[in-house]
Amino acid sequence: MNLTDRVVVITGGAGGIGAAMARRFTAEGAAAVVVADLDGDAARAVAEAIGPVAHPATVDVTDEEQVRSVVADTERRFGRIDLFCANAGVTTGGGIEVDDAAWDRSWRVNVLAHVYSARAVLPGMLARGGGHLLHTCSAAGVLTAVGDAAYTATKHGAVGFAEWLSVTYRDRGIRVSALCPQGVDTPMLAGGLADGHLGAKVIAASGAVLTPDQVVDAVVAGLAEERFLILPHPEVAAYARRRAEDPDGWQAGLRKLVRRLAT
Ligand SMILES: NC(=O)c1ccc[n+]([C@@H]2O[C@H](COP(=O)([O-])OP(=O)(O)OC[C@H]3O[C@@H](n4cnc5c(N)ncnc54)[C@H](O)[C@@H]3O)[C@@H](O)[C@H]2O)c1
């Protein structure tokens, strides 16, 4: 897919990666970009800075009715949705001690919201014979996020669900991409680095911390090539291969890195 004349919805559109997608997709010639976020004021500010192609929407992606409503509004106003970016995501910064409410929130934002948007958007895409779903997962979904158990478990769920969608719908014209960045310089990671959080230190030691714009370069290329796995950090492919070939050796190496960074 190229972005010219496309109608796009981006959840988490007010955040680091989502806002960068909104700016870049507009620059690539999108017809309409809906910047959807829980933080309606921030979504409005992003959309206003972009100009008339961008349209803000206040949406809690964990509420299926709100997701259905933003999809229906977009289809009514612009006739279709070509690309839906399920990009909103949350971390917990903790392990098994994290309470059930935070686990539940991770599950609802990082996985169930992707189910809600697929349910809402697929009927229109299938009726028109095509469309693209871009799900922002994480390198945590193909490796592990040291220091965040719920993030790791739910991002693995997100990659699994995206793969299921791709296998199930590709022959009916639907393309699915799972975006799996490692460290990206957004408020999500910057806070952890500033606090000296071990997980953030592991991310920084495992490869480059990219800007959101660099991530979106990889997104635009991945969409154009209709690739399932979009890896802005090429080293993640090597890590995933090593993990698959030798899980015990991979984990031993990771534990060694964690011990080194913890001292
Ligand atoms: N920053 C990184 O290092 C990194 C690495 C890999 C993957 N990711 C993923 O990239 C995506 C974007 O994250 P980011 O780094 O831009 O973080 P961010 O915190 O800057 O942006 C996340 C956005 O999601 C919105 N959001 C949260 N809950 C929501 C909800 N219930 N409904 C609607 N919007 C909601 C937030 O308001 C925020 O604007 C996430 O899925 C994240 O897990 C980030």
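Listed values, structure above:
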quantity	calculated
Directionally averaged shadow of the range 134-232, computed from the convex hull of its alpha-carbon atoms, nm²	6.1 nm²
Cα pair distances exceeding 24 angstrom across the chain, given as percent	45 percent
Size of electric dipole in the chain: Cβ of Lys, Arg +1 and of Asp, Glu -1, about Cα centre, debye, nearest 20	580 debye
Cα-Cα pairs of the range 73-177 separated by more than 20 Å (percent)	41 percent
Amide H contacts of residue 33 (H built 1.01 Å from N, under 5 Å, at least 5 apart or other chain)	8, 54, 55
Ordering of 22-34, 140-152, 208-220, 188-200 by packing [mean C-beta count within 10 Å, highest first]	140-152, 22-34, 208-220, 188-200
Helix-derived mean residue ellipticity, 222 nm - over the chain, DSSP H n ≥ 4, -39500 (n - 2.57), to 500	-16500 deg cm²/dmol
Efficiency of FRET between residue 164 and residue 64 - r from beta-carbon atoms, R0 25 angstrom, step 0.05	0.85
Folded to 0 to 90 degrees: helix 247-262 orientation relative to the chain principal axis, Cα	80 degrees
Gap separating the Cα centres of the range 47-112 and the range 194-259, nearest whole Å	24 Å
Interchain or long-range residues, amide H under 5 Å from residue 233's placed H	182
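Values in this text are rule-based calculations from the coordinates and carry no lab data. Please read these numbers as outputs of a predicted model, since none were measured by experiment. All Cβ positions, even for glycine, are placed from backbone atoms using ideal geometry, and neighbour counts span all protein chains on display.
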